[in-house]
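The values are calculated or read from the model by the stated rules, or taken from the named source; none is laboratory data. Keep in mind that what you see is a predicted model, and the values were worked out from it rather than measured. Using ideal geometry, Cβ is built from the backbone for each residue, glycine included, and neighbour counts are taken over all protein chains shown. Just so you know, the surface numbers come from the protein's heavy atoms only, side chains and all, with ligands and any DNA or RNA stripped out. Shrake-Rupley method; radii C 1.70, N 1.55, O 1.52, S 1.80 Å.
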Amino acid sequence: MFKYLLRKLLLVLPLLIGVVTLVFFLIELSPGDVADKFFTPETTPEVRQQIIAKYGLDKPAWFRYLLLIKNLAVLEFGTSIAHGRDVTTLIWEYLPNTLLLSSVTLLVIYPVGIALGTFQGVRQGSLFDSTASVVSLFFYSMPSFWLALMLQLYFSYRFDLLPTSGMHDPVEYDYMTRPEQIVDTLKHIILPGVAMGVASAAGAARYMRSSILEVIRQDFVRTARAKGLPESTVIRKHVIRNAMLPIVTLLGLSLPFLFSGSVLIEIVFAWPGMGRLIVNSIFSQDTPVVIGCFFVFTLMVVIGNLIADISYALVDPRIKYD
Amino acid sequence: MTAIVKQQQVEAPPVAKAGYVLPGLGHLLTGRLVVGVGMLTIDLVLLFAAFGLFRLPEIVKYDTWGGIPIHPIIAVISFFAMAGAQWFAAHRLVRPRQLTEEEENSNWNLFLRDFSRHDTGMLGFYGVVLMIGVTLLTPLLAPFDPEDVGVGTKLMHPDVWGYLTGAPDALPLGSDVYGRDYLSRLLYGGRISMSIGFVAVGLAASIGTSVGAIAGYFGGWVDRGLMWFVDMLLSLPRLVLLLAIVGMFRVTGVASIFLIVTILGLTGWMGVSRIVRSQVLSLKQQDFIQAARALGYGHTRIVFRHLVPNALAPVIVYCSLAIGGTMLAEAGLSFLGLGVAPPTSTWGTLVSDGREYLRQAGFLTVLPGLCIVMAVMSFNLLGDGLRDAMDPKLRGTK
């Protein structure tokens with residue numbers, strides 16, 4: 001197990017370098033540079049030259065690429081051009097907000113989807129199953145940002161139940177006591193959390209249903225029934241446990257998709273997270289931040305894969321890595 | 001051995017002949033609900049398109065591409081083709097094709113039989129046919145020029161009944177902030193959205209099939225290298241990758257459509273390549289590939305004439321599901337303002353434009369979103385149905 005993880009971790013390095021190289025090439029190939037974004041036509045060429053030299057943009061591409069790799073090796077992302085701040089602190093500021101949003105999806109909405117899929121699979125072909133299938137497919141086929149807008153339209157504008165956007169109440173948050181602050185944040189998280197989670201919960205339900213159907217046809221389930229176990233025990237101990245195995249992998253693998261899903265949701269709800277950071281940096285061609293964000297994203301993916309691998313071995317004692 | 005022709009004269013009940021009057025009615029009356037309703041809906045669309053035929057001289061004025069009214073021509077041809085297909089389907093119900101026993105048990109026929117019994121799959125099939133039909137017939141169906149700002153006044157609300165009864169200031173689905181007819185904008189926007197989905201997935205499927213087949217067939221370091229590249233691309237969230245590429249290369253005008261299609265295609269092929277690779281890995285061990293090698297065929301011929309055609313079935317299922325995903329990705333990009341450049345609009349840009357007026361005119365956001373959901377859902381239902389019908393493990397369970 002340990003050796004397996006070590007080998008996996010060693011494979012991370014070329015992956016990270018590959019992603020960084022890809023992003024660097026994309027930025028190099030794109031027309032225009034940071035200078036075009038920041039200066040009006042009236043800016044004198046000298047000032048322009050100075051600023052370009054300050055960010056090292058006058059050096060040839062291969063030199064900057066090697067410099068980038070060298071800096072990344074010591075986890076040095078440089079300074080943001082648009083924010084004028086260290087990229088690492090910038091990411092540390094935005095990352096927890098995204099993690100908070102995705103953890104709501106992971107811990108609250110995913111289990112709902114899995115439970116739904118389980119009930120559907122156990123009662124295959126029933127009215128409940130077919131209704132739930134159509135409903136979950138409906139949500140699965142929905143653009144997340146559109147759902148977000150609909151939630152905003154009905155829950156904030158029409159009925160004024162929940163706040164429209166942001167993470168805190170803009171005025172009163174600073175004057176609240178700690179518990180009140182938590183309640184305020186929870187209120188703000190409901191709509192974006194639901195908008196982000198519904199599609200993945202629907203996906204999880206679909207996946208869980210087919211997983212249950214696959215397991216429930218197998219011989220060991222028939223054996224368990226034949227030896228007279230009550231149906232609930234068969235389902236709980238024999239079917240669900242085995243059907244959960246692929247779901248565990250799905251959870252780890254869906255980590256990156258939670259982040260990409262969060263991009264649009266964060267924009268609709270003005271949520272100060274990584275998604276908004278990366279979109280704004282791309283718009284302002286803020287190269288260090290873009291590369292830093294991609295680095296973190298890739299790292300998340302790798303961690304997600306590792307979690308999937310480890311938990312797979314934990315829930316299924318038959319699996320041994322060597 | 002002579003083939004035994006099964007004389008299985010299934011006489012259709014006389015009510016099936018109702019299909020000759022109105023295609024679909026026969027299916028409905030003989031108890032095939034999904035097919036019947038699907039065909040009747042297509043009848044309705046064709047009926048509306050028939051009215052459009054009378055307005056053809058007017059349509060040709062605004063829907064031209066470089067001086068040639070290519071879209072109206074396509075629309076008229078598809079109108080007659082679809083009408084013909086509808087009546088042919090009605091005719092086939094009354095007089096089903098006689099199959100020999102060999103045909104009866106062919107894989108294709110088993111697939112057709114399983115699929116036609118898969119209710120949700122058929123629902124998806126008719127949804128997709130409807131969507132494609134509406135896309136092809138767009139010029140005939142849209143009541144106004146989608147760019148004409150003088151059709152209505154600012155932000156008129158939908159009034160289908162008023163429009164049909166000829167009320168003076170009524171548009172079926174209202175108007176946008178410039179007073180453009182929203183139904184026409186939805187139809188023309190859908191045309192672009194659907195085309196982008198199809199072309200991008202076609203591109204992705206071609207790239208993915210080639211890469212997967214090459215990796216699987218040659219194996220060794222070619223395989224390892226290509227799959228490493230695939231894993232790297234897969235480890236990046238697609239939307240973020242798309243954002244990075246499209247955000248960096250901002251293009252305006254019609255060229256933006258081609259950029260979006262290319263980029264969606266270039267970022268969507270990895271799944272296909274994995275499927276094809278695993279198929280090819282198992283196929284290349286089989287005798288017919290050995291035989292092809294023994295005959296001295298070249299690599300290209302073996303890969304593209306023998307391996308790829310046999311690996312296509314799961315690719316088709318994947319593509320049907322991927323069209324939905326691609327349309328969602330396109331909508332997401334358009335929503336961020338990185339999609340197709342104005343004045344051309346897609347469903348995604350319509351949602352994004354309507355967002356500004358979410359309070360005063362919610363329908364501007366609701367309607368295009370519903371269109372996206374309907375289209376994506378149809379493709380997903382179709383894909384699920386195709387997968388179930390192609391899976392030999394599930395064969396005979398229904």
Where does the charge balance sit around B:Arg180 when Lys and Arg score +1, Asp and Glu -1, over other residues with C-beta under 12 Å from its C-beta? -4
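For the pairing of chain A with chain B, what total accessible surface becomes buried, with a 1.4 angstrom probe, in square angstrom to the nearest 100? Mind dumping the intermediate values first?
Working: alone 18540 and 21070 Å², together 35610 Å².
Accessible area lost upon association: around 4000 Å².
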Accessible area per residue of the protein assembly as shown at 1.4 Å probe, in Å²? 49 Å²
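In a shell of Cβ-Cβ distance under 15 Å around B:Arg238, excluding B:Arg238 itself, what net charge do Lys and Arg (+1) and Asp and Glu (-1) give? Intermediate values should be presented prior to the final figure.
Details: positive: B:Arg274; negative: B:Asp231, B:Glu330.
Local charge sum for B:Arg238: -1.
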B:Glu101 and B:Thr41 label points (each 7 Å along its Cα→Cβ direction) are spaced in nm at 4.1 nm
Can you send over the carbon and sulfur percentage of the accessible area for chain B, probe radius 1.4 Å, protein chains only? 66 percent
Can you compute the FRET efficiency between A:Asp86 and A:Val315 using 1/(1 + (r/R0)^6), with r the Cβ-Cβ distance and R0 = 41 Å? Round to the nearest 0.05. 0.55
I need the peptides A:286-292, A:207-213, A:118-124 ranked by packing, meaning the mean over residues of other C-beta atoms within 10 angstrom, with the highest value on top. A:286-292, A:207-213, A:118-124
Return the whole-Å distance between the Cα centroid of the stretch A:193-269 and the Cα centroid of the stretch B:257-320. 30 Å
Length released on extending from B:Trp65 to B:Leu22, taking residue separation times 0.36 nm less the Cα-Cα span: 12.0 nm
Inter-site label distance for A:Phe63 and A:Ala115 at 7 Å from Cα along Cβ, in nm: 6.2 nm
The stretch A:261-277: which residues show an accessible-area loss of 10 Å² or more, assembly versus chain alone, 1.4 Å probe? A:Val263, A:Leu264, A:Ile267, A:Val268
Carbon plus sulfur fraction of accessible area for the stretch A:96-315, probe 1.4 Å, in percent: 66 percent
Short version: which residues of the stretch A:137-169 lose at least 30 Å² of accessible area, all chains versus chain alone, 1.4 Å probe? A:Leu137, A:Phe138, A:Ser141, A:Pro143, A:Phe145, A:Trp146, A:Leu149, A:Met150, A:Leu153, A:Tyr157
Cα→Cβ-extended label distance, 7 Å offset, between B:Arg359 and B:Ala255, nm: 4.0 nm
Model label zone, B:Val15; criterion: amide N under 15 Å from point 7 Å along Cα-to-beta-carbon; scope the stretch B:37-79: B:37
Which pairs in the list B:Lys61/B:Lys154; A:Lys8/A:Lys70; B:Lys17/B:Lys61 are over 31 Å apart, alpha-carbon to alpha-carbon? B:Lys17/B:Lys61
Nearest-0.05 FRET efficiency for A:Tyr4 and A:Val108, computed from C-beta distance (R0 45 Å): 0.90
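Which sequence of B:Met390, B:Met82, A:Met196 reflects their accessible areas, 1.4 Å probe, from the largest down?
B:Met390, B:Met82, A:Met196
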